[in-house]
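Before any comments, here is the structure.
What follows draws every value from the coordinates through simple rules; no lab data is involved. In this text, all values refer to a predicted model and were calculated from it rather than measured experimentally. We place every Cβ from the backbone using ideal geometry, glycine too, and count neighbours over all the protein chains shown.
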Amino acid sequence: MELRVIEKTDTELRIEIAGEDHTFMNVLKGVLLETDDVAAATYDMNPEQSGGQTEPVLTVKAESGDPLDVLADGAASITDRTSALRDAVKAA
């Protein structure tokens, strides 16, 4: 997975996540929206409306804290959830 920071401020982050599709982006966005420190999370991957952009661009607005830290926490949450699912399937 390749990441490219497009824009970063104290409370907002726009980052390109190469090689991903709606499946991963929806999961990531959903986890971020469940986080208390996130004011908004969305992504765009429509080339016609994005000037030819083909990779998804995630936008995260943090209410407090560094948006990169918020993104890292969201990614860790996905890892924890998938590990729990994997363990439950193995136990079944």
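Brief remarks follow.
- Nearest 10 degrees, 0 to 90: helix 67-91 Cα axis against the chain principal axis: 30
- The packing ranking of peptides 55-63, 83-91, highest mean first, is 55-63, 83-91, where packing means the average number of other beta carbon atoms within 10 angstrom of each residue.
- Gyration tensor (alpha-carbon) shape descriptor, the range 2-91, a/c threshold 1.5: oblate
- Mean separation of Cα contacts under 8 Å (6+ apart) over length of the chain, as relative contact order %: 29
- Hz values of 3J(HN,Hα) by residue in the range 32-44 - Karplus curve (6.51, -1.76, 1.60), Gly and Pro given as x: 5, 5, 7, 7, 4, 7, 9, 7, 7, 8, 8, 9, 9
- Dipole of the chain computed with +1 at Lys/Arg Cβ and -1 at Asp/Glu Cβ about the Cα centre; of VAL5, ILE15, ALA91, farthest Cα towards the positive end is ALA91.
- Whichever lysines have a C-alpha closer than 25 Å to that of LYS29, once near sequence neighbours (fewer than 8 apart) are set aside: LYS8, LYS61
- Just checking the listed ones, THR11, THR42, THR23: in the Gaussian network model of the chain with Cα springs under 10 Å, the one fluctuating most is THR23.
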